[in-house]
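One structure is given below, encoded as structure tokens.
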Amino acid sequence: FEPLLPTYTKLWFVAFDESPFAFFVIVAVIMLLMAISVLLERILRDRTRQLWWSVLERKSIAAKPDGALTRLRHRRWYQWMLQFLKWRLAPNLLGAFMAFSVIYLGLVTVAQLYFALAERSTIFCQTGSRTAAPLVYSAGNPCNDTGVDLTAGEKFRMTFTVDRPVVAGAPADAPWTDDGIASPFAGRPSWRGLDHLPESLKAVAAAPFRRIVPARWLQPLYAVREKDPERKDADKLGDRVFVAKIPFSTRRTVTNADGKVSLEYAADITAPVSGRLFLFANDVGGQAAYANNRGTARVCIMFPKDGNPGKRKECLTPIHH
């Protein structure tokens, strides 16, 4: 939805991310005031109509057919059709649409409230869940622990190296799959055109249920969770979390020692807050939704050293799919 929304709507997502409960309270108050406004307007119209007819004398004016259109409007079948459309079909369709909208928006609200709480707990991200070197980013994992603790303001570079698509015949820049659908490395848009109409409609309807709504399907994201040393659990993760898209700035083709050709994507980032660094692909929350995702990448995290990025040990170990 991001390409379709004006830029000022980003402030709404930021407000929701920082204070989801207050956000929904304000939205509920606005909807209540709108409903009251509609009710008051209806009362005003009804009473104005009563005053109007009280001062005017109602007179029946005999209709004089004049022309084919006038005669058509006085046909019984034509009047029956208009009455059916106006008083039966249209209200029923509108009522069904309103009921569906209320249920749909209710489910979206519940899902986003759950995600807001899950991102701040250990439902998705836990420390100690990272794999041994080399660091592997998996699109099928709701959260990939890098094992790296960041300090606010610290600059670092992340590179993602992808060996090949996981679907035969897929483009080289589409290494991920979501339920068998090839997805570009930067994420897949919901609408894929009329050639993929069923998939597009399904993706558009499910888009509000993504963990991060403005981001694309399977778009790589990073999260920084603050550490709370006073917590007694092993994770020691605090309640504050910062989530953002990974701002990839460069892409290049590299040849590995075994002769395989890979695509390498790089992003330079300044740590927004202090805490543990996690990586994940954007999708509907929950392990069940991530189970049908396919695709991995080797991740290298480098920190500047005397003006040059210094490689961590896990960046040097090759991995084969």
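The values are calculated or read from the model by the stated rules, or taken from the named source; none is laboratory data. For clarity, every value in this text was computed on a predicted model and none was experimentally measured. Note: ideal-geometry Cβ built from the backbone for every residue, glycine included; neighbour counts use all protein chains shown.
Tell me yes or no: at least one residue of the range 120-137 is within 18 Å of the chain's Cα centre (by Cα), closer than 25 Å to Ser249 by Cβ and either part of a strand (DSSP E or B) or modelled with pLDDT of 85 or more (or both).
Taking the range 120-137 first, the residues within 18 Å of the chain's Cα centre (by Cα) are 120, 124.
Now drop any that are not closer than 25 Å to Ser249 by Cβ, which leaves none.
Within the range 120-137, none of the residues are within 18 Å of the chain's Cα centre (by Cα), closer than 25 Å to Ser249 by Cβ and either part of a strand (DSSP E or B) or modelled with pLDDT of 85 or more (or both).
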Would you check if Ile212 is in a loop (DSSP other than H, G, I, E, B) and either in contact with a Lys or Arg (Cβ under 9 Å, 6 or more places away or on another chain) or at pLDDT below 85 (or both)?
yes
For the range 216-232, indicate whether the set of residues that are at pLDDT below 90, closer than 20 Å to Val299 by Cβ and aromatic (Phe, Trp, Tyr) is non-empty.
no
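Name the single residue, out of those in the range 65-93 being surrounded by fewer than 10 Cβ atoms within 10 Å (Cβ to Cβ) and on the phi < 0 side of the Ramachandran plot, that is modelled with the highest pLDDT. Steps first, please.
If we filter the range 65-93 for residues that are surrounded by fewer than 10 Cβ atoms within 10 Å (Cβ to Cβ), which is where we start, we get 66-69, 76-77.
Now restrict to residues that are on the phi < 0 side of the Ramachandran plot: 66, 68-69, 76-77.
On the way: Asp66: 62, Ala68: 77, Leu69: 75, Arg76: 82, Trp77: 86.
Checked the range 65-93; the qualifying residue modelled with the highest pLDDT is Trp77.
Does Ala62 satisfy being exposed (fewer than 10 other Cβ atoms within 10 Å of the Cβ) and either at pLDDT below 85 or more than 30 Å from Val204 (Cβ to Cβ) (or both)?
The answer is yes for Ala62.
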Check off (1) in a strand (DSSP E or B); (2) crowded, with 16+ Cβ neighbours inside 10 Å for Ser200 and give me the number that stays unchecked.
(1)
Considering Ala271, Ala244, Ala266, which residue is closer than 30 Å to Leu117 by Cα and surrounded by 16 or more Cβ atoms within 10 Å (Cβ to Cβ)?
Ala271
Looking only at the range 240-253, filter to residues that are closer than 25 Å to Ala203 by Cβ and assigned to a strand (DSSP E or B); which one of those is farthest from the chain's Cα centre (by Cα)?
Arg251
Contact list, first residue from the range 172-195 and more than 18 Å from Ala289 (Cα to Cα) and at pLDDT below 85, second anywhere and surrounded by 17 or more Cβ atoms within 10 Å (Cβ to Cβ) and among the charged types (D, E, K, R), beta-carbon distance below 7 Å, six or more apart or interchain, is Arg192/Glu199
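Report yes if some residue within the range 218-228 is under 26 Å from the mean Cα position of the chain (by Cα) and either β-branched (Val, Ile, Thr) or surrounded by fewer than 16 Cβ atoms within 10 Å (Cβ to Cβ) (or both); otherwise report no.
Of all residues in the range 218-228, those under 26 Å from the mean Cα position of the chain (by Cα) come to 218-226.
Among the residues that remain, those that are also either β-branched (Val, Ile, Thr) or surrounded by fewer than 16 Cβ atoms within 10 Å (Cβ to Cβ) (or both) are: 224.
So far as the range 218-228 goes, yes, one or more of its residues are under 26 Å from the mean Cα position of the chain (by Cα) and either β-branched (Val, Ile, Thr) or surrounded by fewer than 16 Cβ atoms within 10 Å (Cβ to Cβ) (or both).
Filtering the range 254-307 down to residues that are outside any strand (DSSP E or B) and among the charged types (D, E, K, R), which residue is nearest to Ala206 (Cα to Cα)?
Start the filter on the range 254-307 by keeping residues that are outside any strand (DSSP E or B), which leaves 256-260, 271-274, 282-283, 285-292, 295, 306-307.
If we keep only those that are among the charged types (D, E, K, R) too, we end up with 258, 260, 283, 306.
Details: Asp258: 41, Lys260: 36, Asp283: 10, Asp306: 47 Å.
Of everything passing the filter in the range 254-307, Asp283 is nearest to Ala206 (Cα to Cα).
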